[in-house]
């Protein structure tokens, strides 16, 4: 076989790989636009976006939200840097604000073992960001309106957890325990 033909075949095949690695991002953006513009209702006649995704694409609600969240995250990451190649690499970043997402992704890329960024490595970097307090007990001095916003955000995130997600019950259990502990502490202070 001629080396030029083999090289051309390799380049073509690598182009296919590169194009399809970005597919999750493109699918997420398309779903977001369909949802935001309510095209599922106007054009296809579905009552809900969830119904549209389930019937047309056999996508679960949680999977659709993960794709949309991934596309949002990729939009805030700096152009020119190595971008996530899978939805699972972006999933841990959803716990962070956009500025933190950029910083965590850059750190994940810089510290990736053998230069290979995995979802597990990104999760470790994000966990470090989440557990290292920027300002100790800053939430205690936050205005009540900020705390209310945090609570609304937390509830919205909890509502997105799929009922069949095995981690859902674990995380909800942790939240319930924390609430009960906090309630007891407040009661003791008041007495």
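Here are the numbers for the structure shown:
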| quantity | calculated |
| --- | --- |
| Extension gain, residue 18 back to residue 3 (0.36 nm per residue minus Cα-Cα distance, nm) | 3.2 nm |
| Residue 155 versus residue 26: modelled label distance in nm, points set 7 Å from Cα along the beta carbon direction | 3.9 nm |
| Separation of the residue 33 and residue 178 label points, Cα + 7 Å toward Cβ, nm | 3.7 nm |
| Shape call, segment 1-76: gyration tensor on alpha carbons, a/c limit 1.5 | prolate |
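No value in this document is a laboratory result; all are computed from the given coordinates. Because the structure is predicted, anything quoted here is derived from the model rather than measured. FYI the Cβ positions are ideal-geometry reconstructions off the backbone, even for glycines, and counts take in every protein chain you see.
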